[in-house]
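Report on the following structure.
The values are calculated or read from the model by the stated rules, or taken from the named source; none is laboratory data. Since this is a predicted model, take the numbers as computed values, not measurements. Note: ideal-geometry Cβ built from the backbone for every residue, glycine included; neighbour counts use all protein chains shown. Calculation scope for accessible area: heavy atoms of the full protein, side chains included, ligands and nucleic acids excluded. Shrake-Rupley method; radii C 1.70, N 1.55, O 1.52, S 1.80 Å.
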Amino acid sequence: MEQNTTELFEEFKELTASEFFRRNKQMLGFSGKIRSLTIVFHELITNSLDAAEEAGILPEISIELKRLGKDHYLLKHADNGPGIPENFITKVYCQMFAGSKFRNIQSRGQQGLGCSGCVLLSQMTTGQPVTIRSRYKENNEYKGVEMKVKLDVKKNTGIILERKEIETDRTGSGIEIEFKEVSYSLSEQGAYEYIRRTVIGNPHARIIFKDPAGKKYTFERATDKIPPLPKEVLPHPKGVTADDIIHLCKTTPKKRFKNLLMDSLSRVSQAKIKEVQEATNIDMNKRPKSITWQEAEAVVKQFDLMKFMAPPTSGLKPIGSDQIEKGINEILLPEFSTAITRKPKAYRGGVSFIIEAGIAYGGKSGRSIGIQKKAEIMRFANRVPLTFDQGSCAITEALKSIDWKRYGIRDLDNAPITVFVNIISTNVPYLSTGKQSVAPEEEIVQEIRQATMKIARRLEKYIRVKKAAKNEAMRSKIFEDLVPVVITQSALLAEKDVPEYDKIMDKVTHKAKIMDMQQRLKQPEIEPMQIKTEEPKMRIKTEEED
């Protein structure tokens with residue numbers, strides 16, 4: 001018997017954002033036990049770094065991971081940021097697509113899913129509420145609050161189960177959150193490695209991490225310089241679509257279409273408006289809300305035919321080659337390191353980006369697999385480590401396409417080097433919502449190649465000088481062993497005293513040349529390793545303690 005139309009739609013439902021991601025958690029990056037835990041670290045650390053920098057505070061983050069059972073952990077995360085006002089706590093931790101990052105601005109996160117996604121994963125795997133503490137300043141007064149909350153997936157809001165005020169004389173926020181079906185690993189994709197790479201890309205951060213075995217790692221900051229805050233930039237006309245134009249028209253308070261275009265897009269002047277009007281016959285004095293889809297399409301097509309100045313780059317704030325080297329030297333202690341920050345470029349005609357690259361050779365560079373050293377590729381986007389989906393990433397594609405033999409590296413996969421690449425942009429073209437790999441845009445791949453080849457030439461020069469110095473030293477050692485014997489035996493045959501032969505030795509062994517080579521190989525002194533490890537300390541718990 002056939003169903004009528006009404007019966008077919010009786011089960012028609014609407015899903016909130018929380019319900020959708022509860023059914024599709026892999027779209028948040030939560031797929032696999034190791035990956036899920038690393039993504040949690042990524043989201044919490046990213047939010048802490050952003051909050052501290054926006055408040056002009058040098059970030060300090062404390063993380064403790066306790067194992068409660070097989071694939072069952074309790075994570076404690078705290079920072080020294082500005083804290084979260086009480087009215088916004090549930091919005092930050094329990095509401096999908098809520099945040100302050102929905103702007104055309106360089107940002108570590110851009111979707112408003114981070115913290116709430118972590119709470120959702122916790123709730124899905126344990127059913128337990130999370131504990132949130134926030135210390136903030138309001139009207140020159142310190143305030144503190146502790147809450148136990150759960151996420152109402154039906155309403156995409158938070159439910160406060162318990163609340164109490166706490167005394168404080170500082171700012172910062174923290175969370176205690178449980179997870180099951182996750183796993184801690186020391187692998188390249190694990191949580192520890194994510195922290196290690198974060199410190200390299202963010203040398204101004206200090207992170208203290210206590211692992212499930214009780215070992216404490218302190219990653220000291222390599223610089224006290226807080227990165228300058230990026231600025232919001234207007235979209236470039238070469239990068240907008242007809243839908244973007246229609247959205248602007250519906251939400252603008254402007255009364256004339258031309259004023260909307262000049263104020264909402266970069267590089268659009270009165271002369272450009274006149275050129276668009278002459279080509280499309282659209283009245284630029286029309287009210288924006290009366291613009292049709294066909295008119296918006298005509299404007300976008302005309303933009304594609306026109307010449308504009310390159311998109312503004314004042315809003316892009318790269319790490320900087322000096323800071324990259326400090327981060328690399330702090331963690332890897334290489335015998336050679338160098339870095340470069342390229343000039344801004346644009347992809348898709350209107351989205352500006354900057355490529356930064358660094359390379360480290362020797363020391364703790366590369367990945368240790370048994371007794372063998374393998375090359376290590378560190379991929380970053382807006383200072384954030386990308387630890388998954390390496391094979392599909394534009395960064396990997398660009399590095400693999402380089403002929404490394406030209407630069408003294410016979411086999412990239414089996415070389416004791418670490419290659420660092422960071423892309424800076426207001427709109428990084430990620431391949432998925434998991435934000436772990438960059439799309440292979442032609443301009444981006446080309447810039448990565450150019451940046452890497454330039455620093456590879458510096459490495460090649462170092463390797464060449466080092467090899468020559470080694471060969472010269474071996475030659476010198478042979479003469480140092482033979483010359484005294486020849487001189488001594490010659491003196492005996494001539495029945496004369498053995499003469500002084502230091503000057504002859506210096507000349508024969510090319511001492512001056514060797515010293516010059518050694519001087520050329522010298523790098524700026526690197527401070528001792530700043531990653532400290534501490535074994536867990538036993539302590540007696542008194543009756544008065546909880």
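Things worth noting here:
- Residues in the stretch 212-226 carry Karplus couplings, in order, of x, 7, x, 7, 10, 10, 10, 8, 6, 6, 9, 8, 9, 8, 7 Hz; the curve used is 6.51 cos²θ - 1.76 cosθ + 1.60 with θ = phi - 60°, and Gly or Pro positions show x.
- Working note: Cα gyration tensor of the stretch 341-404, eigenvalues times five, square-rooted, sorted largest first, giving semi-axes of 26, 13, 12 Å.
- For the stretch 337-403, the number of Lys pairs separated by eight or more positions or lying on different chains, with C-alpha atoms closer than 18 Å, is 4.
- The alpha carbon centroids of the stretch 365-429 and the stretch 243-312 are separated by 42 Å.
- Residue pairs exceeding 32 angstrom between C-alpha atoms, taken from Lys255/Lys307; Lys326/Lys461; Lys150/Lys254; Lys70/Lys435: Lys150/Lys254.
- Accessible surface of the stretch 147-231, 1.4 Å probe, proportion on carbon and sulfur as whole %: 44 percent
- Average accessible area per residue (Å²) across the stretch 357-434 - probe 1.4 Å, nucleic acids and ligands excluded: 37 Å²
- Anisotropy class assigned to the stretch 290-385 is prolate, per the alpha carbon gyration tensor with a/c at or over the 1.5 cut-off and a/b larger than b/c.
- Per-residue 3J(HN,Hα) values for the stretch 176-193, derived from phi via the Karplus relation 6.51 cos²θ - 1.76 cosθ + 1.60 with θ = phi - 60°, read 10, 8, 9, 9, 10, 6, 10, 9, 8, 9, 8, 6, 4, 9, x, 5, 4, 5 Hz in sequence order (x marks Gly and Pro).
- Amide H contacts for Thr338 (H built 1.01 Å from N in the peptide plane; partners 5 or more residues away or on another chain; cut-off under 5 Å): Ile359.
- Anisotropy class of the stretch 195-266 from Cα gyration tensor, a/c 1.5 cut: prolate
- Rounded, prolate or oblate (a/c below 1.5 giving rounded, otherwise prolate when a/b exceeds b/c) for the stretch 146-249 by Cα gyration tensor: oblate
- Karplus-based coupling profile of the stretch 486-496, in residue order and whole Hz: 4, 5, 4, 5, 5, 5, 5, 5, 7, 6, 10, with θ = phi - 60° in 6.51 cos²θ - 1.76 cosθ + 1.60 and x standing for Gly or Pro.
- Computed about the Cα centre, the dipole magnitude for the stretch 286-432 is approximately 400 debye when only Lys and Arg (+1) and Asp and Glu (-1) carry charge, each at its Cβ.
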